[in-house]
Amino acid sequence: MEGGKTLDQKFFLAANSGQGFFSLYEGFPGKTQFLHIIKGGPGTGKSGFMKKIRAAAEERGMDTLSVLCSGDPDSLDGLAVPALGQAWVDGTAPHVREPGLFGVDADYVNLGRFCRLPLKEQDRARAIALNRAYKERYQSAYQALEAAAALEKAEELPDAVIAREEEKRVQKLLEKLPTLAKIPCKGEKRFLSAISCKGALMLSETVDLLCKQIYYLRGGSGVLEYAAALAEQRAARVIRCPRPLQPKQLEAVLLPEEGMAFLRAPAPLFVPQGERASSRRALEEGIAELREAKALHDKLEAVYRPYMDFDALTAYTDAVIKELFR
């Protein structure tokens, strides 16, 4: 909480990338928080369940961490409330989760039980067709993003002189931080941006929320890797943020406890205009396919919605909230 206002840190934990679906969910939420793994089919209210818990936490002045869905950023795929020592995650495909040891580090929340099954025959056929079409759109999107990543050469010709200059600048900035004693650095990986049905999105507000000093680094992803490695020797907490299109490269390094961030500076393109346009077209094609996939998934959810007992779901959610915040 800052200045009496609750803070909600927003990140993505997955990316629609040039390598397909790229997940960082295994690192969520951390060893100190008990994880509730939510199970349920399309339209069973997983995101809405988490949003109601988040609203209840905020009403009580508790900070939260929201994990946005990389396919649909308006939807929640995860939530953590550090003050409660608890977190929730959508444990269905493509980010399936299971407890390390049931009842010790995690349990299940079955929202599918509020869905009156089985589906009627015509709805079963429609669900099967929509599910197949939805997954096919995602495969087409990943093919386009793979092409975009292959064509993109925004930083593949780094200037060695600039890189050395930037590394020296990073070193001077981080030398001002006290050396860590016996407390190990808390290292995390999260996505700050996503390629989604709503286009290419960057959570700039998260950077502004966590870091007051923002430095843009030139010279390629190697400079950001250097900054991350050096920061982990000095800072209490370091968040490495990979690029969604090419997750092996970093786009940012955040030091929240020190209020400092290093971001990838836009690099000049040393490629012919034709190749540059081809990369952009492939990216736009991928986004268009993701948009179509979202529309199909909405229709799939609509098939299940009439079977849901939303009154029972609301009563259950209210009971969970009452127990959490008693």
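Among the residues making up segment 68-92, none is crowded, with 22+ Cβ neighbours inside 10 Å, among the β-branched types (V, I, T) and under 23 Å from I287 (Cα atoms).
The set of residues in segment 215-240 that are assigned to a helix (DSSP H, G or I) and crowded, with 19+ Cβ neighbours inside 10 Å comprises S221, V223, L224, Y226, A227, A228, L230, A231.
Just wondering, is there one or more residues in segment 195-214 that are of a type in the set (S, T, N, Q), closer than 26 Å to V161 by Cα and part of a helix (DSSP H, G or I)? Taking every residue of segment 195-214 in turn, none turns out to be of a type in the set (S, T, N, Q), closer than 26 Å to V161 by Cα and part of a helix (DSSP H, G or I). Here P247 fulfils each of the conditions (1) closer than 19 Å to D77 by Cβ; (2) surrounded by fewer than 22 Cβ atoms within 10 Å (Cβ to Cβ); (3) out of contact with any strand residue (DSSP E or B) (no Cβ under 8 Å at 6 or more places or on another chain) apart from (3). Take K39 and decide whether it is in contact with a Phe, Trp or Tyr (Cβ under 7 Å, 6 or more places away or on another chain), in contact (Cβ under 8 Å) with a residue 60 or more places away in the chain and among the charged types (D, E, K, R). So K39 fits the description; yes.
Going by what's in this entry, would K120 be described as over 30 Å from A56 (Cα atoms), in the same structural domain as Y215 (by TED's automatic domain parsing) and either of a type outside the set (S, T, N, Q) or over 20 Å from the mean Cα position of the chain (by Cα) (or both)?
No: the conditions fail for K120.
Considering segment 284-302, and only residues there that are out of contact with any Lys or Arg (no Cβ under 8 Å at 6 or more places or on another chain) and aliphatic (A, V, I, L, M), the residue that is nearest to I195 (Cα to Cα) turns out to be I287. Taken over segment 95-117, the criterion of being touching a residue at least 24 places away in the same chain (Cβ under 8 Å) and under 21 Å from L65 (Cα atoms) is satisfied by H95, R97, E98, P99, D105, A106, D107, Y108, V109.
The values are calculated or read from the model by the stated rules, or taken from the named source; none is laboratory data. A quick note: this is a predicted structure, and the numbers were derived from the prediction, not measured. Reconstructed Cβ throughout: ideal geometry from the backbone, glycine too, with neighbour counts over all protein chains shown.
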